[in-house]
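**Q** The structure follows.
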Amino acid sequence: MKIKADTTVCIGAGMCALTVPQVFDQSDEDGTVVLLEASPPAELEDAVRRAVTLCPSGALSIAE
Amino acid sequence: MSELIMTTDRERPFDPPERIAELGGEAPLHRLTFADGHEGWLVTGYTAARAILADPRFSNRPEYTHPTIPARAEVAEKLRGKEFAVPGFFLRMDAPEHTRYRKLLTGQFTVRRMKQLEPRVEEITRARLDAMEAAGKPADLVEQFALPIPSLVICELLGVPYEDRERFQRDSRLLLALESGADEVIDAMRSMTGYLYDLIQRKRAEPRDDLISGLVQGGELADDELTGVAFLLLVAGHETTANMLGLGTYALLRNPDQLAAMRDDPSVVDNGVEELLRYLTIIHIGPIRSALEDVEVEGVVVRKGQAVAFSLPVVNRDPARFPGGDSLDLTRPAGGHLTFGHGIHQCLGQQLARIEMRIGYPALLRRFPGLRLAVPPEEVPMRTDMSIYGVHRLPVTW
């Protein structure tokens, strides 16, 4: 799994960082998504999919 | 079928109005007659609600909007063209204008920043529980607990003196009361913006370690824009969580097995808060969006200029998304509810609200294991007359 994050669309709601803090963080500057792990381990893939669905701005996508 | 008109009147305190709830099972969108006669739509379906709230072809600008609640029609008419024409009130802006304000603020409300506030929120909660215990029973939980905690937290975060709460709580009550007359609303807006404008001048002269001082010193925003931003954060920051704490406690008291789980099982708390947010959905009117062009949504064409209102309480019980959603079950996977909205306007302060509730409910229930209503349930005054639902008072004893 490969995650893509578009910080120009991100509104910093923090749903990703709340759902999978091992993979997503937020910039202190403007709260937008920071990818800690663009290719997360298999055991986190379900949680990452949940985070992508929860993202309100459509900033996250998955390229398999 | 008879004409559909929006209502806030309920048959039961925790369930959405029956007339609207029944529509939820039929279709995702319904024709709605707005209070000014405009013919628009009401959304009750979960996927349709998410799609519209995330779609930039639907605007949140006040000049395109129409009032849903009859009591608000006069206010809307008088304010037409100037409603919330407060610069910096970015809730009622579209991208990219909205983006500029939002990005200045999101860094202050990240999951990590909010986690750092946990010890302080715990301290404030403990102090309020001490005060409630000392004042003795019976007590009004709203006055003693539900309102002061988020008020104290947001005041400290923004740098608004808590001693001034009588004024801004009164103004914010008038702004949110559905029965307020147009003059009352305008006076309350003037009073609130006047108060915050003066506060911003004081922060400029004497900056402190708080969010408003930070924005003033950042130099990106003019004083009238800062006023609008502070207005939004102050009202949104205490009226919402306060009502969740009050109504949530009432719902738990009426569901003793769920109350016991929230009190005794720490592993239930985080999801339990999401479930209370879903089940209670205190945003019982609005949001409203207006189509900037013809848009097809699940087989329905919303015409350019048409307004779309949402019944989020019904959306959050869509059986296709939350089966059995009419009951409160703190262990149900409740993530994905739309109580904080969706799209670019999704609640900025949601991570703060979560922390306040995750700390607040268990702390209250552990301090007063025998907590119970001090009046018969039918005597609890419900906020069907306010833009944000909840309880006006919650008399409790222990």
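Please treat every number below as a calculation from the coordinates, not as lab data. For clarity, every value in this text was computed on a predicted model and none was experimentally measured. All Cβ positions, glycine included, derive from the backbone under ideal geometry; neighbour counts span all protein chains shown.
**Q** In nm, to one decimal, how far is the modelled label at B:Asp55 from the one at B:Asp36, with both set 7 Å along Cα→Cβ?
**A** Output for this residue pair reads 2.2 nm.
**Q** Let me know the charge dipole size of the stretch A:2-63 about its Cα centre in debye, to the nearest 20, where only the beta-carbon of Lys, Arg (+1) and Asp, Glu (-1) is charged.
**A** It works out to roughly 260 debye.
**Q** Quick one: grab Rg to one decimal and Dmax as a whole number for the stretch B:1-125, Cα atoms only, in Å.
**A** Using the Cα atoms of the stretch B:1-125, the pair Rg, Dmax is 18.8, 55 Å.
**Q** Here is a further query. Considering only the other residues whose Cβ falls under 12 Å of the Cβ of B:Pro369, what net charge follows from Lys and Arg at +1 and Asp and Glu at -1?
**A** Cβ neighbours under 12 Å give a net charge of +3.
**Q** Around A:Ala38, what is the net charge, scoring Lys/Arg as +1 and Asp/Glu as -1 over all other residues with Cβ under 9 Å from its Cβ?
**A** Overall, the nearby charge balance is +1.
**Q** Next up: Measure of size requested: the Rg and Dmax of the stretch B:53-170, with Cα atoms as the atom set and Å as the unit; please supply both.
**A** Calculated on Cα positions, Rg and Dmax stand at 19.2, 54 Å.
**Q** Let me ask something else. Angle between the Cα long axis of helix A:45-54 and the longest principal axis of chain A, 0 to 90 degrees, nearest 10?
**A** Rounded to the nearest ten degrees, it is 30.
**Q** Something else now. In whole angstrom, how far apart do the alpha carbon centroids of the stretch B:190-205 and the stretch B:29-61 sit?
**A** Going from one Cα centre to the other spans 36 Å.
**Q** Which of the helices in chain B, when you take each full DSSP H run, stretch at least 18 Å along the axis at their Cα atoms and have an average Kyte-Doolittle score of 1.6 or higher?
**A** none
**Q** Could you tell me the relative contact order of chain A? Use alpha-carbon pairs under 8 Å, at least six residues apart, and round to a whole percent.
**A** Here the relative contact order equals 47 percent.
**Q** Shifting gears a bit: Rg (Å, one decimal) plus Dmax (Å, integer) for the alpha carbons of the stretch A:2-63?
**A** Rg then Dmax for the stretch A:2-63, in Å: 10.2, 30.
**Q** In nm, to one decimal, how far is the B:Arg120 label point from the B:Glu379 one, both placed 7 Å along Cα→Cβ?
**A** The answer from the label model is 4.0 nm.
**Q** For chain B, modelled as a GNM with alpha-carbon contacts under 10 angstrom, which of B:Arg354, B:Arg202, B:Arg50 fluctuates the most?
**A** Ranking B:Arg354, B:Arg202, B:Arg50 by mean-square fluctuation puts B:Arg202 first.
**Q** Taking 0.36 nm per residue of sequence separation and subtracting the Cα-Cα distance, how much length would be gained by fully extending the chain between B:Ala320 and B:Ser267, in nm to one decimal?
**A** The B:Ala320-B:Ser267 span can extend by a further 16.4 nm.
**Q** Positive end of the charge dipole of the protein assembly as shown (Lys, Arg +1 and Asp, Glu -1 on Cβ, about the Cα centre): tell me which of B:Gly248, B:Val300, B:Met132 has its Cα farthest that way.
**A** B:Met132
**Q** Which aspartates and glutamates, if any, have their Cα less than 20 Å from the Cα of B:Lys304, not counting same-chain residues under 8 positions apart?
**A** Counting by Cα, and skipping residues close in sequence, B:Lys304 has these aspartates and glutamates nearby: B:Asp36, B:Glu39, B:Asp55, B:Glu63, B:Asp94, B:Glu293, B:Asp294, B:Glu296.
**Q** Distance cut-off 31 Å, Cα to Cα: go down the list B:Lys115/B:Lys137; A:Lys4/B:Lys203; B:Lys78/B:Lys115; A:Lys4/B:Lys115; B:Lys115/B:Lys203; B:Lys103/B:Lys203 and report the pairs above it.
**A** Violating the 31 Å limit, Cα to Cα: B:Lys115/B:Lys137; A:Lys4/B:Lys203; B:Lys78/B:Lys115.
**Q** Ok, one more. Just for the Cα atoms in the protein assembly as shown, what are the lengths along the principal axes, largest first, rounded to whole Å?
**A** 60, 52, 52
**Q** Summing +1 for each Lys or Arg and -1 for each Asp or Glu, what net charge is found among the other residues whose Cβ lies under 11 Å from the Cβ of B:Leu158?
**A** Its environment carries a net charge of 0.
**Q** Rounded, prolate or oblate: which one fits the stretch B:248-304, using the alpha carbon gyration tensor with axes a ≥ b ≥ c (rounded when a/c is under 1.5, else prolate when a/b beats b/c, else oblate)?
**A** Prolate.
**Q** To continue, here is another question. For chain B, compute Rg over Rh where Rg is the Cα radius of gyration and Rh is the Kirkwood radius from the inverse mean 1/r over Cα pairs.
**A** That ratio equals 0.95.
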